[in-house]
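Enquirer: Mind looking over this structure? Questions follow.
The values are calculated or read from the model by the stated rules, or taken from the named source; none is laboratory data. Everything numeric in this text was worked out from a predicted model, so none of it was measured. So basically every Cβ, Gly included, is an ideal-geometry build from the backbone, and we count neighbours across all protein chains shown. With ligands, DNA and RNA removed, areas are computed over all heavy atoms of the protein, side chains included. Shrake-Rupley method; radii C 1.70, N 1.55, O 1.52, S 1.80 Å.
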Amino acid sequence: MRTQVVIIGAGPSGLLLGQLLHKAGIANIILERQSGDYVLSRIRAGILEQVTVDLLHEAGVGQGVDAGGTVHHSIELVFSGQRHPIDVHGLTGGKVVTAYGQTEVTRDLMAARAEAGLQTVYEAAQVQPQGFEGDKPFVTYEKDGATHRIDCDFIAGCDGFHGVSRASVKDMVKEFERVYPFGWLGVLSDTPPVSPHAIVYGNSERGFSLCSMRSLTRSRYYVQCPLSDKVEDWSDARFWDELRRRLDPELAERIVTGPSIEKSIAPLRSFVAEPMRFGRLFLAGDAAHIVPPTGAKGLNLAATDVKYLAGALIERFLERSDAGIDHYSQRCLRRIWRAERFSWWLTSLMHRFPDTEGFGQKIQEAELDYLVNSRALSTSLAENYVGLPL
Ligand code: RFL
Ligand code: PHB
């Protein structure tokens, strides 16, 4: 078999890249380890920057977010039992973010791919990128008891943090990492969101909390929890009780509870692998970097990697220029490190750190107080939240 680009991974990065390349007439095949249903069952991101929404339109899949997304003009911070709105729209000269689930983004992209008749091999085992340091790359995989080989011009490693792409260049990458001493317990429920207008980030002495949404009838909530906790430790009743205790009295009163339809614990990590290009193999999205979810940047960063990679490959195939490919890593990493800084900062500001004693805690409280009373720092938060310009 032969194609122009083999994409490893059918998460949002891989599917979006496939769609953008297809629109430019570039043939591609996606190899995915899991089944399509499994990919759709992973509940993750919910907040899209305008750059990401624009890219979905460019890929021809913008109808879903237009119809089902909710535009947010502000976020709210809750600490010391009080709420503080941050007017993101006003502070950024009119920019907004959109609540629309990663599951929905993925479903829209899968549907467009199926409609265009493009090939995705689900449940592909032992996927292995090869020959990418020379000019005849290929990818092998196993399916239904047989080994298959696809020859190609380029390989895109869009296979997430635990994928095979970064693992296959591990001697050539430099890794930067910080692991945080807590996780997030997330709950999805078919209940109206506590605030349909703002995403609420809470810092209380019991730990971090977050109130978000997927639609006017579906909510997404998180609480900081110890890494040793198991999902089974958290009944729905315990979760709702804990969430309420971390908010101010008015919001706590307004929470509409209901049965959870998904509940999971995610560890928090900052991670960057450099560089992101190895001959004819490129890393994109979570395969190259992870941010703690506090800044809502992971999926958005993945989307900008894909924008740069699609642009570079289109330039190469249609204009015979290597300029975009040669600058891919450098272009992405500048934006990635800025998002890493923001996500680390917001994580440090909003969580309780188990080993932080009095001084560190007092500094955190002083910074929160400064943030909500300083237009300069509020503007910095707002402009990073909506996404720095490309
Ligand atoms: P994914 O989504 O991990 O997809 C990678 C795909 O590759 C497949 N794969 C393989 N396929 C073939 N062979 C192999 N050897 C393979 N190994 C892996 C996997 O099965 C999978 O299908 O990476 P991608 O596409 O780069 O997308 C990245 C995003 O998923 C991620 O950054 C976001 O979810 C992060 N994130 C958020 N991002 C935002 O922009 N806004 C948010 O509000 C936000 N909230 C979040 C988040 C992540 C969270 N968790 C659970 C980590 C909230 C949470 C709780
Ligand atoms: C979500 O809606 O899942 C969400 C929102 C904001 C974040 C992280 C996750 O910072």
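Enquirer: For the range 141-159, name all the residues that are in contact with a Pro (Cβ under 8 Å, 6 or more places away or on another chain) and either open to solvent by 60 Å² or more (accessible area, probe 1.4 Å) or not in a strand (DSSP E or B) (or both). Break it down into steps so the answer makes sense when it comes.
Expert: Keep residues of the range 141-159 that are in contact with a Pro (Cβ under 8 Å, 6 or more places away or on another chain), which gives 151-155, 157.
Those that are in contact with a Pro (Cβ under 8 Å, 6 or more places away or on another chain) and either open to solvent by 60 Å² or more (accessible area, probe 1.4 Å) or not in a strand (DSSP E or B) (or both): Cys152, Asp153.
Enquirer: Using beta carbons and a limit of 7 Å, which pairs, at least six apart or on different chains, have the first residue in the range 74-87 and over 11 Å from Leu251 (Cβ atoms) and the second one open to solvent by 80 Å² or more (accessible area, probe 1.4 Å) and at pLDDT below 95?
Expert: From the range 74-87, the pairs are Ser74/His197.
Enquirer: For the range 46-80, give me the residue count where each residue is under 30 Å from Ser204 (Cα atoms), open to solvent by less than 30 Å² (accessible area, probe 1.4 Å) and among the hydrophobic types (A, V, I, L, M, F, W, C).
Expert: So the count comes out to 6.
Enquirer: Looking at this structure, is Asp108 free of Cβ contacts under 8 Å to residues at least 60 places away in the same chain and either within 30 Å of Leu371 (Cα to Cα) or away from ligand 1 (no atom under 13 Å from the Cβ) (or both)? Lay out the reasoning, then the answer.
Expert: Details: free of Cβ contacts under 8 Å to residues at least 60 places away in the same chain: yes; either within 30 Å of Leu371 (Cα to Cα) or away from ligand 1 (no atom under 13 Å from the Cβ) (or both): yes.
Here the answer is yes, as Asp108 does meet what is asked.
Enquirer: Additional query: I'd like the full set of residues that are more than 7 Å from ligand 1 (Cβ to nearest atom) and open to solvent by less than 40 Å² (accessible area, probe 1.4 Å), limited to the range 25-39. Steps first, answer last, please.
Expert: Of all residues in the range 25-39, those more than 7 Å from ligand 1 (Cβ to nearest atom) come to 25-30, 35-38.
Scanning the range 25-39 gives Ile26, Asn28, Ile29, Ile30, Ser35, Gly36.
Enquirer: Going residue by residue through the range 226-237, is there one that turns out to be within 14 Å of ligand 1 (Cβ to nearest atom), more than 19 Å from the chain's Cα centre (by Cα) and either among the hydrophobic types (A, V, I, L, M, F, W, C) or open to solvent by 10 Å² or more (accessible area, probe 1.4 Å) (or both)? Write out each step before concluding.
Expert: Step one: filter the range 226-237 for residues within 14 Å of ligand 1 (Cβ to nearest atom), giving 227, 231.
Next, only the ones that are more than 19 Å from the chain's Cα centre (by Cα) stay: 227, 231.
Applying the additional criterion that residues be either among the hydrophobic types (A, V, I, L, M, F, W, C) or open to solvent by 10 Å² or more (accessible area, probe 1.4 Å) (or both) yields 227, 231.
Yes, the conditions are met somewhere in the range 226-237.
Enquirer: Now a separate question. Please verify whether Ala114 is small (Gly, Ala, Ser) and touching a strand residue (DSSP E or B) at 6+ places or on another chain (Cβ under 9 Å), treating the condition exactly as stated. Even if it seems obvious, please write down each step before you answer.
Expert: On the way: small (Gly, Ala, Ser): yes; touching a strand residue (DSSP E or B) at 6+ places or on another chain (Cβ under 9 Å): yes.
For Ala114, the condition - small (Gly, Ala, Ser) and touching a strand residue (DSSP E or B) at 6+ places or on another chain (Cβ under 9 Å) - is met.
Enquirer: May I pose another question? Could you list, in sequence order, all residues of the range 1-15 that are open to solvent by 10 Å² or more (accessible area, probe 1.4 Å), more than 7 Å from ligand 1 (Cβ to nearest atom) and in contact with a helix residue (DSSP H, G or I) (Cβ under 9 Å, 6 or more places away or on another chain)?
Expert: Correct list: Gln4 only.
Enquirer: Taking into account only those residues within the range 26-55 that are in contact (Cβ under 8 Å) with a residue 60 or more places away in the chain and more than 21 Å from the chain's Cα centre (by Cα), which is farthest from Glu262 (Cα to Cα)?
Expert: Ile26
Enquirer: All but one of (1) under 30 Å from Val372 (Cβ atoms); (2) open to solvent by 40 Å² or more (accessible area, probe 1.4 Å); (3) modelled with pLDDT of 95 or more; (4) outside any strand (DSSP E or B) hold for Arg83, so report the exception by its number.
Expert: (4)
Enquirer: Where the second residue is open to solvent by 70 Å² or more (accessible area, probe 1.4 Å) and the first is within 14 Å of Ser260 (Cβ to Cβ) and lies in the range 228-247, which pairs have Cβ atoms under 8 Å and are six or more apart or on separate chains?
Expert: That search, which allows pairs on different chains as well, returns Asp236/Pro259; Glu242/Arg206.
Enquirer: Only one of Ala284, Ala302, Ala296 is more than 30 Å from Thr217 (Cα to Cα) and within 14 Å of ligand 1 (Cβ to nearest atom); which? It would help to see each step written out before you state the result.
Expert: Numbers: Ala302 fails: more than 30 Å from Thr217 (Cα to Cα); Ala296 fails: more than 30 Å from Thr217 (Cα to Cα).
Unique residue meeting the criteria: Ala284.
Enquirer: Going through the range 179-222 one residue at a time, which ones are near ligand 2 (Cβ under 9 Å from one of its atoms), touching an Asp or Glu at 6+ places or on another chain (Cβ under 9 Å), farther than 23 Å from Asp233 by Cα and open to solvent by less than 10 Å² (accessible area, probe 1.4 Å)?
Expert: The answer is Ile199, Tyr201.
Each row is one residue, and each column tells you yes or no for (1) within 16 Å of ligand 2 (Cβ to nearest atom); (2) out of contact with any helix residue (DSSP H, G or I) (no Cβ under 8 Å at 6 or more places or on another chain).
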{"site": "Ile43", "(1), (2)": "yes, no"}
{"site": "Glu49", "(1), (2)": "yes, no"}
{"site": "Ala67", "(1), (2)": "no, yes"}
{"site": "Leu77", "(1), (2)": "yes, no"}
{"site": "His84", "(1), (2)": "no, no"}
{"site": "Leu91", "(1), (2)": "no, no"}
{"site": "Thr103", "(1), (2)": "yes, no"}
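Enquirer: Those residues that are touching a residue at least 12 places away in the same chain (Cβ under 8 Å) and open to solvent by 50 Å² or more (accessible area, probe 1.4 Å), I need them from the range 252-262; list them, please. Walk me through it before giving the result.
Expert: Step one: list which residues in the range 252-262 are touching a residue at least 12 places away in the same chain (Cβ under 8 Å), which gives 254-262.
Those that are touching a residue at least 12 places away in the same chain (Cβ under 8 Å) and open to solvent by 50 Å² or more (accessible area, probe 1.4 Å): Arg254, Val256, Thr257, Pro259, Ile261.
Enquirer: Only one residue in Ser329, Ser321 is in a loop (DSSP other than H, G, I, E, B), away from ligand 2 (no atom under 16 Å from the Cβ) and open to solvent by 10 Å² or more (accessible area, probe 1.4 Å), so which one is that?
Expert: Values: Ser329 fails: in a loop (DSSP other than H, G, I, E, B).
Just a single option satisfies the conditions, and that option is Ser321.
Enquirer: Right, here's the next one. Could you grab me the full set of residues in the range 297-318 that are hydrophobic (A, V, I, L, M, F, W, C) and open to solvent by 20 Å² or more (accessible area, probe 1.4 Å)?
Expert: Applying the first criterion (hydrophobic (A, V, I, L, M, F, W, C)) to the range 297-318 yields 299, 301-303, 306, 309-310, 312-314, 317-318.
Listed by number, the residues that qualify are Leu299, Ile314, Phe317, Leu318.
Enquirer: Let me ask another. Could you check how many residues of the range 337-389 are hydroxyl-bearing (Ser, Thr, Tyr), under 19 Å from His89 (Cα atoms) and either assigned to a helix (DSSP H, G or I) or open to solvent by 60 Å² or more (accessible area, probe 1.4 Å) (or both)? First the steps, then the outcome.
Expert: Within the range 337-389, the subset hydroxyl-bearing (Ser, Thr, Tyr) is 343, 347-348, 356, 370, 374, 378-380, 385.
Right, trim to under 19 Å from His89 (Cα atoms) and you get 374, 378-380, 385.
Still in the list and also either assigned to a helix (DSSP H, G or I) or open to solvent by 60 Å² or more (accessible area, probe 1.4 Å) (or both): 378-380, 385.
Qualifying residue count, the range 337-389: 4.
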